[in-house]
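Asker: Sharing a structure, written as structure tokens. Questions coming.
The values are calculated or read from the model by the stated rules, or taken from the named source; none is laboratory data. Computed from a prediction, not measured in an experiment: that's the story for all the values here. FYI the Cβ positions are ideal-geometry reconstructions off the backbone, even for glycines, and counts take in every protein chain you see.
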Amino acid sequence: MSEKGYVYVLTNPSFKENWVKIGKSKREPEVRGKELYNTAVPLPYEIYATLKTVKYNEAESMIHRSIDRITDLRIAANREFFNIPPEKAYEILVDIKELLGDEAELELKGDNVESCLASNGTKRKMSETFDFYSRGLKDGDIIHFVDNPSVTAIVASSRQVLFEGQLWYLSPLARELYTRLGKVNSSGAYQGPLYFLYKGTKLTDVPRNKE
């Protein structure tokens, strides 16, 4: 069995605002962060988020491609530093986690779990893994593909649906449906709930249950 490794998002108090380092390692991110702390940076790195998976090489390549294809956000060619808010990097990791399903473990570190700084300087809640049950949906409910509402799937668990006799997470299902349409986006990553409707409303807009 292949050994698991990590894709990590690192921040550093000495960086300019919205600079991050996104890399990979077989070693624990805490160990890797200490290895990177040398005379090139005046302050230690801080771990923002990690994705643990046997496919860490592919996951790192996907997140780098996703960022590079949006715009020229890489600070220097062939370097792993990007001019992107860490929460945006995390959102791409969320998409990759959805594609990999249970093959990957996504973790947001420390105080980042509760909140992060939005671009306007206000606090906002971090993106969370989508959960049908928290939105009031239940097993057996029908959702519709946004680009063709005649294509449906059945809610089968808190995060999976039944489509053509198989269980799917939303992100890989969205990718499969767009592949069939010949419309795969440049990054290949999808935030699954954006592409499905429940009773005419995008899943991302279905309100959460009140606690």
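Asker: With the requirement that a residue be touching a residue at least 24 places away in the same chain (Cβ under 8 Å), surrounded by 15 or more Cβ atoms within 10 Å (Cβ to Cβ) and part of a loop (DSSP other than H, G, I, E, B), what does segment 133-157 give you?
Answerer: Across segment 133-157, the qualifying residues are L137, D141, V146.
Asker: A further question follows. Suppose we filter L170, L203 for residues that are in contact with a Lys or Arg (Cβ under 9 Å, 6 or more places away or on another chain), modelled with pLDDT under 90 and within 21 Å of Y90 (Cα to Cα); which single one remains?
Answerer: Criteria check complete, one pass: L170.
Asker: Sort out which residues of segment 12-58 are closer than 24 Å to G101 by Cβ, among the charged types (D, E, K, R) and assigned to a loop (DSSP other than H, G, I, E, B), and write them in order of number.
Answerer: Of everything in segment 12-58, those that are closer than 24 Å to G101 by Cβ, among the charged types (D, E, K, R) and assigned to a loop (DSSP other than H, G, I, E, B) turn out to be K26, E28, K55.
Asker: Oh, and also: Pull out all pairs, ordered by first then second residue, where Cβ-Cβ is under 6 Å, the residues are six or more apart or on different chains, the first lies in segment 167-181 and is not assigned by TED's automatic domain parsing to the domain that holds A156 and in a helix (DSSP H, G or I), and the second is at pLDDT 90 or above and surrounded by fewer than 22 Cβ atoms within 10 Å (Cβ to Cβ).
Answerer: Every condition considered, no pair remains.
Asker: Would you confirm, using the coordinates I've provided, whether S187 is touching a helix residue (DSSP H, G or I) at 6+ places or on another chain (Cβ under 7 Å), part of a helix (DSSP H, G or I), modelled with pLDDT under 85 and not assigned by TED's automatic domain parsing to the domain that holds Y90?
Answerer: no
Asker: Determine, yes or no, whether G33 is touching a residue at least 12 places away in the same chain (Cβ under 8 Å), out of contact with any helix residue (DSSP H, G or I) (no Cβ under 8 Å at 6 or more places or on another chain) and crowded, with 19+ Cβ neighbours inside 10 Å.
Answerer: Taking the combined requirement at face value, the residue satisfies it.
Asker: Then there's this: Considering only residues that are among the hydrophobic types (A, V, I, L, M, F, W, C), modelled with pLDDT of 85 or more and closer than 25 Å to P172 by Cβ, which ones fall in segment 46-81?
Answerer: A49, L51, V54, A59, M62, I63
Asker: Continuing with the same structure: I'd like to know if segment 152-164 contains one or more residues that are farther than 17 Å from E98 by Cβ and small (G, A, S).
Answerer: no
Asker: Could you look through segment 1-18, keep only residues that are closer than 17 Å to S66 by Cβ and at pLDDT 80 or above, and pick out the one that is surrounded by the fewest Cβ atoms within 10 Å (Cβ to Cβ)?
Answerer: Taking the candidates together, the pick is V9.
Asker: Please state which one of K109, K125 is surrounded by fewer than 12 Cβ atoms within 10 Å (Cβ to Cβ), at pLDDT below 80 and basic (K, R).
Answerer: Sole residue among the options that is surrounded by fewer than 12 Cβ atoms within 10 Å (Cβ to Cβ), at pLDDT below 80 and basic (K, R): K125.
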